[in-house]
Every structure is written in C-alpha cells, then in structure tokens.
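Trainee: Pasting in a structure now, in structure tokens, and then I'll have a few things to ask.
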Amino acid sequence: MDRTPRRSAPRSTQARTGPDRGNPAGRAEQIQPCRHRRSWCPAQGRRILVPGQVEDDASIRTGADAVRTNADLLRAARAAHPEAVILYKPHPDVEAGLRTGGDTAAALADHVLTRADPIALLGQVDEVWTMTSLLGFEALLREVPVTTLGVPFYAGWGLTRDLGDVPPRRRAEPGLEGLVHATLIDYPRYLDPVTGMPCPVEVVVARLASGNVPTPGLGNRALSKLQGLLASQSHLWRGR
C-alpha cells in the first residue's frame with residue numbers, strides 16, 4: 001500500500017500551521033540588523049537560530065550529551081560559525097519565569113527574539129542548532145538544515161548533522177517522509193478535538209487546516225498555569 005499521501009498530509013499541515021508550542025500569540029518577528037558583541041553585524045548574513053530549552057526538563061536530563069545548557073549551546077554554535085548571525089529564541093516558559101533556562105545565555109547571541117513566533121522564524125534562517133528541541137523537527141519539515149548536540153527523536157537517521165553521541169541502533173535512513181510517518185502516524189493515537197472520539201490522523205489534519213478546534217476553557221488554562229508553577233519547583237522533589 002502506498003503510504004505517501006498519509007505521510008505528506010501531516011507534514012504539509014504541520015509546515016503551514018505549527019504548532020506554535022507555548023507561543024499561541026507569538027508575533028512573526030522580522031529580523032533587523034543586530035548588535036554583535038564587538039560591532040554591528042548584518043541581518044542578511046548567515047542566520048543560525050538557536051532555540052532555548054528548559055534546562056531541567058526531562059529531554060535535557062536524558063537526551064542531552066556534553067552540551068547541556070543554552071549558554072553552552074550558543075558557545076558551540078559561535079565556535080563553529082564565528083561570522084554567522086546567532087539568533088536566540090528563549091523558551092516561552094523561561095521567558096515567563098516559570099522554568100530555568102540560563103539567564104546569561106542571551107548575552108552570547110547577536111539577537112534575542114523574545115515572544116516571537118518560532119515557526120515564522122524558520123522561514124528567515126539558514127540553519128537551526130539545538131540540543132533536543134522539537135523546533136529542530138519543525139525545521140526538518142521545512143527543509144531547514146539542523147545540527148543537533150543531543151539525541152532528539154529525529155537525530156541519527158541521516159537527516160540532521162549530529163554532534164552528540166547518537167545510539168548505534170539508529171542506523172536506518174528512512175528519509176523525511178518515513179520519519180514523519182513513524183512519528184505522526186504510526187506511533188501516536190489521536191482524539192477528534194470536536195467529538196472527543198478516537199480518529200485517524202487525517203481527521204486531526206482537517207481540523208487544524210480548517211481551524212475547527214475548540215478553544216480551551218478557563219479550567220484548562222488554570223490547569224496549564226498550575227503545571228507551570230509546579231514545574232518551576234521541581235528541584236524540591238529532584239533533590240537539587
């Protein structure tokens with residue numbers, strides 16, 4: 001059976017609509033000339049987007065390699081590309097003060113893109129450098145080159161430049177469509193946001209494309225805020 005149409009539908013919708021994770025009202029930032037550490041640097045130079053992450057998040061604790069902080073990630077990108085324009089997008093939870101993400105990291109970038117829509121930024125950059133951020137997968141969907149310094153689920157399949165210690169078992173090269181099928185069709189189970197019933201991925205794709213998705217209620221928003229507040233106190237049960 002030809003699975004290409006099933007693979008293509010989620011990818012094309014994802015590329016058009018997001019998700020804008022944690023930034024529902026993020027603005028489409030237009031990158032302007034920025035202040036380099038020593039001089040003015042042209043915004044039209046090679047642009048490398050570095051998405052910030054929550055440094056005590058499980059994806060960093062279990063998926064990062066030698067580089068485990070946003071500051072070290074920025075230093076690595078600068079060392080590899082000293083003449084590039086390094087663009088840093090802080091994680092929304094860090095911007096909101098809910099999680100830790102390295103307060104000093106921003107000083108290492110040429111331009112800090114606060115409260116910007118990360119999906120819109122992908123159309124304005126030449127490359128993404130990340131530890132394990134989901135934005136790396138979003139970049140792959142838009143054919144933006146990605147360098148990983150950790151081991152996210154999309155690393156090690158021949159689609160990214162991997163500087164982290166990728167497990168030897170990741171030796172297959174499924175191609176981008178194959179990775180999309182595995183991660184967005186075969187692995188997940190979906191519920192129709194309108195009916196609340198199980199559904200195939202095509203129904204979710206259609207809902208997202210049409211905008212026919214219910215708005216979360218007050219209780220849902222309150223729960224989200226509570227989760228963020230509890231996450232900021234995770235050191236209490238992790239012992240650090």
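The values are calculated or read from the model by the stated rules, or taken from the named source; none is laboratory data. Predicted model, so just to flag it, every value in this text is computed and none were measured. Neighbour counts run over all protein chains shown; Cβ positions are idealised from the backbone, glycine included.
Trainee: Residue 72 versus (1) at pLDDT 90 or above; (2) under 15 Å from the mean Cα position of the chain (by Cα); (3) among the charged types (D, E, K, R): which is the lone unmet condition?
Mentor: The single condition residue 72 does not satisfy is (2).
Trainee: Could you go through the stretch 67-82 and let me know if any residue there is in a strand (DSSP E or B) and at negative phi.
Mentor: no
Trainee: Looking only at the stretch 167-215, count how many residues are modelled with pLDDT of 90 or more, among the charged types (D, E, K, R) and either under 23 Å from residue 157 (Cα atoms) or exposed (fewer than 12 other Cβ atoms within 10 Å of the Cβ) (or both).
Mentor: Going through the stretch 167-215 one residue at a time, the tally reaches 6.
Trainee: Further question on the same structure: Between a residue in the stretch 63-92 that is over 21 Å from residue 46 (Cβ atoms) and any residue that is aromatic (Phe, Trp, Tyr), which pairs come within a Cβ distance under 9 Å, given they are 6 or more apart or on different chains?
Mentor: Once the first residue is over 21 Å from residue 46 (Cβ atoms) and sits in the stretch 63-92, its partners that are aromatic (Phe, Trp, Tyr) give 63/153.
Trainee: Out of the stretch 124-175, which residues are within 15 Å of the chain's Cα centre (by Cα) and small (Gly, Ala, Ser)?
Mentor: 133, 136, 139, 150, 155
Trainee: Being surrounded by 17 or more Cβ atoms within 10 Å (Cβ to Cβ) and out of contact with any strand residue (DSSP E or B) (no Cβ under 8 Å at 6 or more places or on another chain) narrows it down to one residue among 71, 58; which is it?
Mentor: Sole residue among the options that is surrounded by 17 or more Cβ atoms within 10 Å (Cβ to Cβ) and out of contact with any strand residue (DSSP E or B) (no Cβ under 8 Å at 6 or more places or on another chain): 71.
Trainee: Further question: Would you be able to tell me the number of residues in the stretch 109-121 that are touching a helix residue (DSSP H, G or I) at 6+ places or on another chain (Cβ under 8 Å) and over 11 Å from residue 50 (Cα atoms)?
Mentor: 3
Trainee: Another question, if that's okay. Kindly provide the set of residues from the stretch 103-135 that are in a helix (DSSP H, G or I), among the small types (Gly, Ala, Ser) and touching a residue at least 60 places away in the same chain (Cβ under 8 Å), ordered by number.
Mentor: 120
Trainee: Scan 12, 39 and give me the residue that is more than 19 Å from residue 153 (Cβ to Cβ) and at pLDDT below 55.
Mentor: Just a single option satisfies the conditions, and that option is 39.
Trainee: Here's something else I'd like to know. Name every residue in the stretch 113-160 that is closer than 25 Å to residue 96 by Cβ and hydroxyl-bearing (Ser, Thr, Tyr), in order of residue number.
Mentor: 114, 130, 132, 133, listed by residue number.
Trainee: Right, something else. Out of curiosity, is residue 120 closer than 27 Å to residue 175 by Cβ and at pLDDT 95 or above?
Mentor: Considered against the rule, which asks whether it is closer than 27 Å to residue 175 by Cβ and at pLDDT 95 or above, residue 120 comes out as no.
Trainee: Please determine whether any residue of the stretch 221-237 is under 22 Å from the mean Cα position of the chain (by Cα) and at pLDDT 95 or above.
Mentor: no
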